[in-house]
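The numbers here are math on the coordinates, done by the rules we state, and not lab data. Keep in mind the model is a prediction, meaning the values are calculated, not measured. FYI the Cβ positions are ideal-geometry reconstructions off the backbone, even for glycines, and counts take in every protein chain you see.
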Amino acid sequence: MYIMVKYIWVMSMIKFENVTKVYNKKVRAVDDISFRVKGGEIVGFIGPNGSGKTTTMKLLTGIIKADVGKITVNHFNIRRDPIKAKESIGYIADSPDMFLRLKGSEFLDLMGDIYRVPERKRRERTESICERFDLTDALSSPIMSYSHGMRQKIMVAAALMHNPPVWILDEPMVGLDPKSAYELKQMMREHAKAGNAVFFSTHVLEVAEKLCDRVMIIKKGKILFDGTLENLESQNKNESLEKIFLELTEK
């Protein structure tokens, strides 16, 4: 089954143009994909394990390089202007186990230094985000002492320290308690409402259904669907979203 919906995009903040990434000269993790995400939009990226979601996000952030194609973030080419492109990104990786020897406050200060966030703004954002995530009391402790969920929350706080226009979130809800997951979803809505772009991967279809303006479904490096969930469901009447997803990704 293959479904593609055409859109007219304006103010594109993420742009993939015929991008391909091959591993070991034979595994096409990303296979000639093109898509755009515009400002003011929350786009969910859905697919089974090994479908190419994390590779796509690492290409988008410049962690790995594409073999073919062009990637633009906030109008900056990720290959020609990598610093400018990365300054526009807030990235949450699929693993929060980084910088474990630093205290939470030290890690947030490091991110503030890297992105040249002024002291007053840094303090305001740290207080605001940590209050929403119930992180304030943990800032004086090393990250290695945090639970998985607490590590995930400190990574979210660090990624948003410089208030980037483009958020790229790889399974950001994993490990979060219900209150923190709710707060993150609210923050994603607020960010998009301010005219910014949010691009995130998830395995939880209910989250995509309630949160996304658009979804993309990927399998084996190919995008099978790009459009609204309403459009997807209208083409598969009387079927649940879960069943539609399974039919798309299993055929």
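Would you calculate the volume per residue, in Å³, of the smallest convex hull containing every Cα atom of the chain? Walk me through the intermediate numbers first.
Values: hull volume 32.1 nm³, N = 251.
Spread over its residues, the Cα hull of the chain gives 128 Å³ apiece.
Site pair THR228 and LEU139 shows an inter-label distance of 4.1 nm when each label is modelled 7 Å from Cα along Cα→Cβ. Rounded to the nearest 0.05, the FRET efficiency derived from the C-beta distance between LYS25 and ASN49 at R0 = 35 Å is 0.95.
Between PHE99, GLN152, ILE83, the Cα set farthest toward the positive side of the dipole of region 82-160 (charges on each charged residue's Cβ, about the Cα centre) is that of ILE83. Between PRO172, SER140, ASN18, whose Cα lies farthest towards the positive end of the dipole of the chain when Lys and Arg beta carbons carry +1 and Asp and Glu beta carbons carry -1, centred on the Cα centre? Farthest towards the positive end: ASN18. Residue separation of LYS210 and GLU247 scaled by 0.36 nm, minus their Cα-Cα distance, works out to 11.2 nm of gained length.
Considering region 97-163 at the alpha-carbon level, its Rg and Dmax are found to be 10.6, 30 Å. Across q = 0.12, 0.13, 0.18, 0.21 Å⁻¹, region 114-251 modelled as identical point scatterers on its alpha-carbon atoms has Debye log10 I(q)/I(0) values of -0.58, -0.67, -1.06, -1.30, in the order of the q list. Modelled spin labels at ASN163 and VAL68, positioned 7 Å past Cα toward Cβ, are 4.2 nm from each other.
For the pair ARG79 and GLU17, the difference between a 0.36 nm per residue extended length and the Cα-Cα distance amounts to 21.0 nm.
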